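Note sheet for the following structure.
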């Protein structure tokens with residue numbers, strides 16, 4: 001006989017609790033995407049830019065204000081600039097560059113960007129380490145954030161659509177002890193419960209007898225003095241192992257989600273094939 005959900009209170013709480021996290025991921029993904037665009041654009045600009053070397057003559061001087069310093073000591077400073085006039089292929093033009101040393105009337109070798117006409121006093125070189133690092137790292141970070149957001153939304157939808165009717169549990173978890181954990185957030189402290197136990201039954205035969213842990217924020221699960229020694233679990237995709245199954249405690253008439261992990265998977269040399277056979 002299959003179970004039926006009569007109260008989705010804790011399943012809905014689980015979905016609501018992840019909304020802030022999903023909003024955080026999306027906001028960071030958008031911000032990272034914006035920085036990625038500028039980083040990749042700058043990298044591409046440095047890789048594809050061509051320059052023409054010529055001689056420039058200082059014909060004027062001035063200054064510009066720039067923002068310098070760390071966050072707490074940020075302030076504006078004046079930077080001295082000089083205006084250089086140059087000729088390339090019979091066409092005269094000019095540009096301003098920063099310089100504390102050049103004086104009006106001086107001549108100097110400059111390099112002029114063939115695309116935008118910007119002049120520079122130092123010879124152009126290959127893109128630097130940080131230009132490459134940010135040009136590669138930021139797009140990867142953006143993709144990871146977007147992937148996390150998509151997975152989170154998909155999981156939320158599956159929780160909302162979850163129905164146990166017509167299904168048998170994917171596993172039976174034997175609860176051995178419960179650990180209380182307090183998160184140390186700056187603005188919000190959350191109390192989580194960690195269930196430690198063993199897989200008595202599982203749709204995956206290799207998991208039978210494995211040590212397992214399940215964790216959830218306390219407010220997203222029934223808050224009772226004691227929990228049943230046996231809990232049944234349903235993967236969000238029937239028969240396919242997942243990291244956030246729906247847990248059912250028949251004695252409590254409650255359904256909620258928990259994060260599932262197998263500590264043995266992280267231990268070197270773990271071999272499921274060599275485990276002693278489980279009694280039928």
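Please treat every number below as a calculation from the coordinates, not as lab data. Since we're looking at a predicted model, the values are computed, not measured.
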Handout entry: Kirkwood Rh and Cα Rg combined as Rg/Rh, the stretch 167-274
Key = 0.98
Handout entry: Most mobile listed residue (171, 262, 129) in the chain, GNM with C-alpha springs under 10 Å
Key = 129
Fill in the blank from the handout: Only helices counted: for the chain, with every DSSP H run of 4 or more residues adding -39500 (n - 2.57) and the sum spread over all residues, [θ] at 222 nm is -9000 deg cm²/dmol
Fill in the blank from the handout: Expected max-MSF residue from 138, 26, 266 in the GNM of the chain (alpha carbon, under 10 Å) is 266
Fill in the blank from the handout: Computed over the chain: longest principal axis from alpha-carbon atoms vs helix 19-48 long axis, angle to nearest 10 degrees, is 30
Practice task
Take the Cα radius of gyration of the stretch 29-141 and divide it by 2.2 N^0.38 Å, with N its residue count; two decimals is plenty.
Solution key: 1.30
Exercise for the section: Report, in degrees rounded to the nearest 10, the 0 to 90 angle that the Cα long axis of helix 129-161 makes with the longest principal axis of the chain. Expected result: 30
Exercise for the section: For the stretch 1-91, evaluate the Debye formula with one uniform point scatterer on each Cα (no solvent term) and list log10 I(q)/I(0) at q = 0.11 Å⁻¹, rounded to two decimals. Expected result: -0.74
Exercise for the section: Return the single residue from 203, 68, 82 with maximal mean-square fluctuation; model: Gaussian network over the chain, springs between Cα atoms under 10 Å. Expected result: 68
Practice task
Could you give the C-alpha radius of gyration of the chain expressed as a fraction of 2.2 N^0.38 Å, taking N as the number of residues it contains?
Solution key: 1.67
